[in-house]
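Q: Once you've had a glance at the structure underneath, I'll fire off some questions.
The values are calculated or read from the model by the stated rules, or taken from the named source; none is laboratory data. All figures in this text were calculated on a predicted structure; none of them were measured in a lab. Please note: Cβ atoms are built from the backbone with ideal geometry, for glycine as well, and neighbour counts cover all protein chains shown.
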Amino acid sequence: MTLLRDRDLAHAFDHASHTYDLLTGLNPGYRSDLLRSARRLRLPGDGAGLRVLDLGCGTGASTRALLRAAPCADITGVDASAGMLERATAKPWPERVRFLHLTAEEVATSGEGPFDAVFAAYLFRNVTDPDQVLASVRRLLRPGGRLAVHDYSLSGSAAHRALWTAVCRGLIIPAGTVTGDRALYHHLWRSVLAFDTAPAFTDRLARAGFTDVRATPVAGWQTGIVHTFLARNGSTAPAPRVG
């Protein structure tokens, strides 16, 4: 089975949106790890006066983590899946949180930005051209702006690769099959195996022009499987203001 991409992947997320929160809630540490990664942005003053982009916000779990980490920031969540966004927007949010139906590639030309920080959770495995999206992120970030990427990115160890496959075959894919979303969760398994290892994605960020790049593993059973990648926009040119 090949990986899902673009419109096919968005449609798969649309279909899975009604059970997505339930299934992710069964993953120990899923929400606490998102919060830890959001806090690693270290936004000053609880985010007061700052604009933050949640790129690939899904049903809003990452948006909620950002809101807890920076309760005074203006947060914009974007996602390519209308179904996931419908679930996100149905939840209670303060006025400073808003959502837009856009792909990651469309955001840079949408008139949005600049942003002081970008948070991207479980996104880069799923885009067709991660280098293009990273270039878009740099255009959206102010000079020195902060980026946090939270994603499945294996350490490179054969043991972590085997553990991921065992969890997917024993738990994740069977659960997705029950909900009628086997193709999406099979994609999840294969996309992690095909994606950059943590050292490779760190190198990709540096090649894209980001500075102060580092990777930190999450705790618990996902150590060596999920990482937080932190970086800054190394651009020296001032980002244009929009609007």
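Q: I'm checking my understanding of the structure. Among residues of the range 1-57 that are of a type in the set (Lys, Arg) and touching a strand residue (DSSP E or B) at 6+ places or on another chain (Cβ under 7 Å), which one is farthest from Val97 (Cα to Cα)?
A: The residue in question is Arg40.
To keep it simple, each residue is scored yes or no on (1) among the small types (Gly, Ala, Ser); (2) crowded, with 23+ Cβ neighbours inside 10 Å.
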| position | (1), (2) |
| --- | --- |
| His11 | no, no |
| His15 | no, no |
| Ser37 | yes, yes |
| Arg51 | no, no |
| Ile75 | no, yes |
| Met84 | no, yes |
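Q: Return the only residue of Thr216, Thr228, Thr211, Thr165 being in a helix (DSSP H, G or I) and among the β-branched types (Val, Ile, Thr).
A: So the residue among Thr216, Thr228, Thr211, Thr165 that is in a helix (DSSP H, G or I) and among the β-branched types (Val, Ile, Thr) is Thr165.
Yes/no per residue for (1) of a type in the set (S, T, N, Q); (2) farther than 19 Å from Leu41 by Cα; (3) at pLDDT below 95; (4) buried (at least 22 other Cβ atoms within 10 Å of the Cβ):
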{"residue": "Phe115", "(1), (2), (3), (4)": "no, no, no, yes"}
{"residue": "Gly145", "(1), (2), (3), (4)": "no, no, no, yes"}
{"residue": "Asp151", "(1), (2), (3), (4)": "no, no, no, yes"}
{"residue": "Ala175", "(1), (2), (3), (4)": "no, yes, no, no"}
{"residue": "Thr202", "(1), (2), (3), (4)": "yes, no, no, no"}
{"residue": "Thr211", "(1), (2), (3), (4)": "yes, no, no, no"}
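Q: Shifting gears a bit: Pick out, from the range 39-137, the strands (runs of 3 or more DSSP E) lying fully within it that include 2 or more residues that are in contact with a Lys or Arg (Cβ under 8 Å, 6 or more places away or on another chain).
A: The qualifying strands (runs of 3 or more DSSP E) are 74-79, 115-121.
Q: With (1) farther than 23 Å from Ala65 by Cβ; (2) out of contact with any helix residue (DSSP H, G or I) (no Cβ under 9 Å at 6 or more places or on another chain); (3) buried (at least 16 other Cβ atoms within 10 Å of the Cβ) as the list, and Asp181 as the residue in question, which single condition is left unmet?
A: Going through the list (1) farther than 23 Å from Ala65 by Cβ; (2) out of contact with any helix residue (DSSP H, G or I) (no Cβ under 9 Å at 6 or more places or on another chain); (3) buried (at least 16 other Cβ atoms within 10 Å of the Cβ), Asp181 breaks only (2).
Q: Evaluate the following for Phe195: is it under 25 Å from Glu112 (Cβ atoms) and either under 20 Å from the mean Cα position of the chain (by Cα) or acidic (Asp, Glu) (or both)?
A: no
Q: Could I ask something else about it? Can you name the condition, by its number, that Gly156 falls short on among (1) part of a helix (DSSP H, G or I); (2) within 17 Å of Asp203 (Cα to Cα); (3) touching a helix residue (DSSP H, G or I) at 6+ places or on another chain (Cβ under 9 Å); (4) without any contact (Cβ under 8 Å) to a residue 60 or more places away in the chain?
A: Going through the list (1) part of a helix (DSSP H, G or I); (2) within 17 Å of Asp203 (Cα to Cα); (3) touching a helix residue (DSSP H, G or I) at 6+ places or on another chain (Cβ under 9 Å); (4) without any contact (Cβ under 8 Å) to a residue 60 or more places away in the chain, Gly156 breaks only (1).
Q: If the requirement is being over 30 Å from Trp221 (Cα atoms), among the hydroxyl-bearing types (Ser, Thr, Tyr), surrounded by 15 or more Cβ atoms within 10 Å (Cβ to Cβ) and in contact with a strand residue (DSSP E or B) (Cβ under 7 Å, 6 or more places away or on another chain), which of these qualifies: Thr89, Thr63?
A: Going through Thr89, Thr63 in turn, the sole match is Thr89.
Q: Let me ask something else. Look through the range 177-201, keep the residues that are touching a Lys or Arg at 6+ places or on another chain (Cβ under 9 Å) and among the small types (Gly, Ala, Ser), and return whichever of them is nearest to Arg5 (Cα to Cα).
A: For the range 177-201, the residue satisfying everything is Ser191.
Q: Quick one: how many residues across the range 187-208 are more than 21 Å from Arg169 (Cβ to Cβ) and either among the basic types (Lys, Arg) or not in a loop (DSSP other than H, G, I, E, B) (or both)?
A: 10
Q: Mind listing just one residue for me: the one in the range 213-230 that is of a type in the set (Gly, Ala, Ser) and closer than 19 Å to Ala166 by Cβ and, of those, surrounded by the fewest Cβ atoms within 10 Å (Cβ to Cβ)?
A: Among them, the one singled out is Gly220.
Q: What pairs can you find where one residue is in the range 112-135 and in contact (Cβ under 8 Å) with a residue 12 or more places away in the chain, the other is part of a helix (DSSP H, G or I) and aromatic (Phe, Trp, Tyr), and their Cβ atoms are less than 7 Å apart, with a gap of 6+ or different chains?
A: Close Cβ pairs satisfying both conditions: Pro130/Phe124; Val133/Phe124.
Q: Ok, one more. Looking at this structure, is Thr89 among the hydroxyl-bearing types (Ser, Thr, Tyr), at pLDDT below 95 and over 23 Å from Arg146 (Cβ atoms)?
A: no
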